[in-house]
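Data block below; observations after.
The values are calculated or read from the model by the stated rules, or taken from the named source; none is laboratory data. Remember, predicted model here, so these are calculated numbers, not experimental data. For neighbour counting, all protein chains shown are included, and Cβ atoms are generated from backbone atoms with ideal geometry for every residue, glycine included.
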């Protein structure tokens with residue numbers, strides 16, 4: 001599964017037209033609401049132009065917190081199309097659909113010892129790898145030069161982990177740097 005995502009990402013990067021409009025990079029805070037609990041973390045994305053208003057986004061994010069007394073860490077690597085319609089000088093909105101992989105690691109720490117479902121772990125416990133899909137959108141506000149402020153970005157995430165379907169809502173905010181024309 002991981003190999004397929006890497007190959008699909010490489011093919012998509014090669015398909016990007018060099019004469020298209022600007023690319024951008026985002027970094028910021030990310031909040032994930034999962035199973036009634038709050039997980040906090042961050043994310044980074046790279047959005048490359050394809051043609052017209054269509055772009056291709058690559059994103060990685062991590063959220064950490066506690067659910068049912070266990071320390072939880074969830075990593076996601078997602079890729080998919082983003083639609084950015086014509087924008088005015090002060091703001092631009094976007095919508096996207098992404099799919100990829102999610103890795104969930106849960107453990108209990110007792111006096112610095114990690115304990116997972118299978119017992120005591122060396123260092124940290126192994127995680128579960130699963131499928132994830134996300135859809136949503138957001139609004140970017142132009143600041144100065146190539147800098148924008150992304151507030152808000154809201155996404156619905158579906159994940160298939162440990163044989164269970166997991167639905168989450170994610171909210172993000174941060175800075176965007178745009179380069180190119």
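With 137, 112, 146, 130 as the choices, which residue is more than 30 Å from residue 90 (Cα to Cα) and either touching a strand residue (DSSP E or B) at 6+ places or on another chain (Cβ under 6 Å) or surrounded by 13 or more Cβ atoms within 10 Å (Cβ to Cβ) (or both)? Break it down into steps so the answer makes sense when it comes.
Working: 137 fails: more than 30 Å from residue 90 (Cα to Cα); 112 fails: either touching a strand residue (DSSP E or B) at 6+ places or on another chain (Cβ under 6 Å) or surrounded by 13 or more Cβ atoms within 10 Å (Cβ to Cβ) (or both); 146 fails: more than 30 Å from residue 90 (Cα to Cα).
Every option except 130 fails the conditions.
Conditions tested, residue by residue: (1) loosely packed, with under 13 Cβ neighbours inside 10 Å; (2) touching a helix residue (DSSP H, G or I) at 6+ places or on another chain (Cβ under 6 Å); (3) in a strand (DSSP E or B); (4) modelled with pLDDT of 95 or more.
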| residue | (1), (2), (3), (4) |
| --- | --- |
| 142 | no, no, yes, no |
| 152 | yes, no, yes, no |
| 171 | no, no, yes, yes |
| 174 | no, no, yes, yes |
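Cβ separations smaller than 9 Å between residues 6+ apart or across chains give the following pairs from the stretch 119-138 residues that are within 26 Å of residue 154 (Cβ to Cβ) to residues that are outside any loop (DSSP other than H, G, I, E, B) and modelled with pLDDT under 75: 129/2. Could we say that residue 180 is loosely packed, with under 15 Cβ neighbours inside 10 Å, without any contact (Cβ under 8 Å) to a residue 12 or more places away in the chain, more than 14 Å from residue 100 (Cα to Cα) and over 12 Å from the mean Cα position of the chain (by Cα) here? It is false that residue 180 is loosely packed, with under 15 Cβ neighbours inside 10 Å, without any contact (Cβ under 8 Å) to a residue 12 or more places away in the chain, more than 14 Å from residue 100 (Cα to Cα) and over 12 Å from the mean Cα position of the chain (by Cα). In the stretch 76-102, of all residues being more than 16 Å from residue 50 (Cβ to Cβ) and either in contact with a helix residue (DSSP H, G or I) (Cβ under 9 Å, 6 or more places away or on another chain) or modelled with pLDDT of 95 or more (or both), the one that is surrounded by the fewest Cβ atoms within 10 Å (Cβ to Cβ) corresponds to 99.
Considering every residue within the stretch 160-167, establish whether at least one is part of a loop (DSSP other than H, G, I, E, B) and without any contact (Cβ under 8 Å) to a residue 24 or more places away in the chain.
First, pick out the residues of the stretch 160-167 that are part of a loop (DSSP other than H, G, I, E, B): 162-163.
From the residues that got through so far, the ones that are without any contact (Cβ under 8 Å) to a residue 24 or more places away in the chain too are 163.
Yes, the stretch 160-167 has at least one match.
Just the residues that are over 9 Å from the mean Cα position of the chain (by Cα) and crowded, with 19+ Cβ neighbours inside 10 Å, please, taken from the stretch 34-66. Please lay out each step first, then the result.
Start the filter on the stretch 34-66 by keeping residues that are over 9 Å from the mean Cα position of the chain (by Cα), which leaves 34-41, 46-57, 63-66.
Listed by number, the residues that qualify are 34, 39, 41, 47, 48, 49, 55, 56, 57, 63.
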